[in-house]
Amino acid sequence: MLRRNAFALVTCMVSLLLLSACHTSVDSSGDGVKRISYATLLSENQRNILKILPGQTKQQVMDIMGSSSAQVKSTFITNPFKQEFFSVDKVGYEILYYLTRRYPAYTAIKVSQATAIVLKNGKVVGLGEEAVQKAKSGSL
């Protein structure tokens, strides 16, 4: 009986350890940002970016892409990775960059590893580097 109880206790503890290793935590500061691994962040962003469609609002994009954060070395990478604002001929543009590609080890994370979502007057008008270039030239 004692051996059976000890075995059950060990099995339960191993199960809890395995589950806790897979657990995604929420920051204790109460900001609601999901803390996940860098690989998971890239995977989620790759999957979610496929749901972005022309005409969606910035809020819809933010809802779809989520507010996850991943720790890389001693810093946190957040969604979006970078934001850029500019105007061309009095038309306001915003670019949201979401990391979708892994960076080489021991190098800084760059915008070239992100997929851009271009918003014009608060609505999605394009994705990717080509859309960024068109927006900056005023042809989008």
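Observations
- Note on the range 92-121: residues that are in contact (Cβ under 8 Å) with a residue 40 or more places away in the chain, surrounded by 12 or more Cβ atoms within 10 Å (Cβ to Cβ) and part of a loop (DSSP other than H, G, I, E, B) amount to 2.
- Close pairs from the range 43-61: first at positive phi, partner open to solvent by less than 40 Å² (accessible area, probe 1.4 Å), Cβ under 7 Å, at least 6 apart: Gly55/Val124
- Note on the range 29-46: among residues that are part of a strand (DSSP E or B) and not β-branched (Val, Ile, Thr), the one that is modelled with the highest pLDDT is Arg35.
- From the list Ala108, Ala116, the one residue that fits, being aliphatic (A, V, I, L, M), out of contact with any Lys or Arg (no Cβ under 7 Å at 6 or more places or on another chain) and at pLDDT below 90, is Ala108.
The values are calculated or read from the model by the stated rules, or taken from the named source; none is laboratory data. In this text, all values refer to a predicted model and were calculated from it rather than measured experimentally. Don't worry about glycine lacking a Cβ; one is built from the backbone with ideal geometry, like all the others, and counts go over all protein chains shown. Keep in mind that these areas ignore ligands, DNA and RNA; they rest on the heavy atoms of the full protein, side chains included. Shrake-Rupley method; radii C 1.70, N 1.55, O 1.52, S 1.80 Å.
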